[in-house]
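Heads up, the thing below is written out as C-alpha cells.
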Amino acid sequence: MTQRYLDVQGLSETDKQDKKRTRFVVLSDTHNRHNELEIPDGDVLLHCGDFTTQGLLHHVVSFNKFLGRLPHQYKVVIPGNHERWPDFIRPLLSNCHFLCDDQIEINGIKIYGSRWKPRISSLSAHYRNAKRTFQDVPTNTHILMTHQPGKGISTLCGQEGNQAITDRVLEIKPLVHICGHEHDCAGHYQNNGITFIKAAIIDGHRTGPLRPPYFFDIYL
C-alpha cells in the first residue's frame, strides 16, 4: 500500500533546524477494516470517525485493541455518524484520546476534535446549529478534526459539506483541517496556508478498496 506524505508548512531545511518534528498519520472511515491497513510510522495517529459500522460494540472493542498494538505515542480519535452514542462508547476506548468538542495539546500543537454531526433535516436549522457549535473551536487551533467536511472548498467537498465548518476554518485558519465521511471524494487540497485532507480510507462502498493513509509533519 503506497503511503502519502503531505508538506503542510513549506519550511526549508534551515527553517526546520532547532524545531521539534511531530509526525501525524491520518485515518477516517475505516468501518471495522482497521486490521487490513498498513499504518505509517509516526508520533500521533489521528482518526476522524466511522471506525465502526452502525456503532457495533464489538467493532469498538476491536478498534481499541488495534490502537493498543500501534507504536504511535498518541492516538487521537473523534466519533463519526456511525458512532451514534459517543458518551456510551467512551469507556471502551482506553487506548486513545477520544475528543468530543474539546482540545488536546501535543508537543505544543493544539488539536481540536468535534463530535458534531447533522441531526436536523431543515437546511437553515442545520446551519444555525452547526454555526453555534463551531464558534467554540479555539482560534489557536493547529489541527481541526471534524467528521463531516466543509462546504465549497475545491471539488473535495462532494454533496454533504457544511458551510458552518468552512466559515470557521477560514476564520481561524488552522494549519490542517482533517475530515472524512464521503468515501467517493477523498483527497487533499492546499489553499490560503491551510491543508484540507479528506481522509476516508475506504474508496466507495464499505467493501471497496482501501486507500493508503496520509501523513504529515509539523515543526514547532
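The values are calculated or read from the model by the stated rules, or taken from the named source; none is laboratory data. Predicted, not measured: the structure shown is a model, and the values here were computed from it. Positions of Cβ are backbone-derived with ideal geometry, glycine not excepted, and every protein chain shown enters the neighbour counts.
Kindly establish whether residue 212 is within 21 Å of residue 131 (Cβ to Cβ), assigned to a loop (DSSP other than H, G, I, E, B) and within 15 Å of the chain's Cα centre (by Cα). Judged against the criteria, residue 212 is not a match.
Tallying residues that are under 22 Å from residue 8 (Cα atoms) and under 16 Å from the mean Cα position of the chain (by Cα) within segment 191-209 yields 8.
Put simply, of 18, 29, 41 the only residue that is touching a residue at least 40 places away in the same chain (Cβ under 8 Å) and among the acidic types (Asp, Glu) is 29.
Whether a residue is modelled with pLDDT of 85 or more and under 22 Å from residue 198 (Cβ atoms) was assessed, and residue 153 does not pass this test. Each residue in segment 11-33 was checked for being within 22 Å of residue 145 (Cβ to Cβ), assigned to a loop (DSSP other than H, G, I, E, B) and over 15 Å from the mean Cα position of the chain (by Cα), and 3 pass.
Matching residues to (1) farther than 25 Å from residue 219 by Cβ; (2) in a loop (DSSP other than H, G, I, E, B):
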site: 8; (1), (2): no, yes
site: 40; (1), (2): no, yes
site: 46; (1), (2): no, no
site: 55; (1), (2): yes, yes
site: 83; (1), (2): yes, yes
site: 87; (1), (2): yes, no
site: 91; (1), (2): yes, no
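Quick check on segment 1-57: of everything there that is of a type in the set (A, V, I, L, M) and over 30 Å from residue 85 (Cα atoms), which residue is modelled with the lowest pLDDT? So that I can check it myself, show each step before the final result.
In the first step, residues of segment 1-57 are kept if they are of a type in the set (A, V, I, L, M); the result is 1, 6, 8, 11, 25-27, 37, 39, 44-46, 56-57.
Narrowing the set further to residues that are over 30 Å from residue 85 (Cα atoms) leaves 1, 6, 8, 11.
Details: 1: 50, 6: 97, 8: 97, 11: 96.
Selected residue: 1.
Being in contact with a Ser or Thr (Cβ under 8 Å, 6 or more places away or on another chain), on the phi < 0 side of the Ramachandran plot, of a type in the set (Phe, Trp, Tyr) and surrounded by 20 or more Cβ atoms within 10 Å (Cβ to Cβ) is the requirement here; does residue 63 meet it? When the stated conditions are applied, residue 63 passes them. So for segment 180-196 (the condition being in contact (Cβ under 8 Å) with a residue 60 or more places away in the chain, part of a strand (DSSP E or B) and among the hydroxyl-bearing types (Ser, Thr, Tyr)), does at least one residue qualify? Yes; the residues of segment 180-196 include at least one that is in contact (Cβ under 8 Å) with a residue 60 or more places away in the chain, part of a strand (DSSP E or B) and among the hydroxyl-bearing types (Ser, Thr, Tyr).
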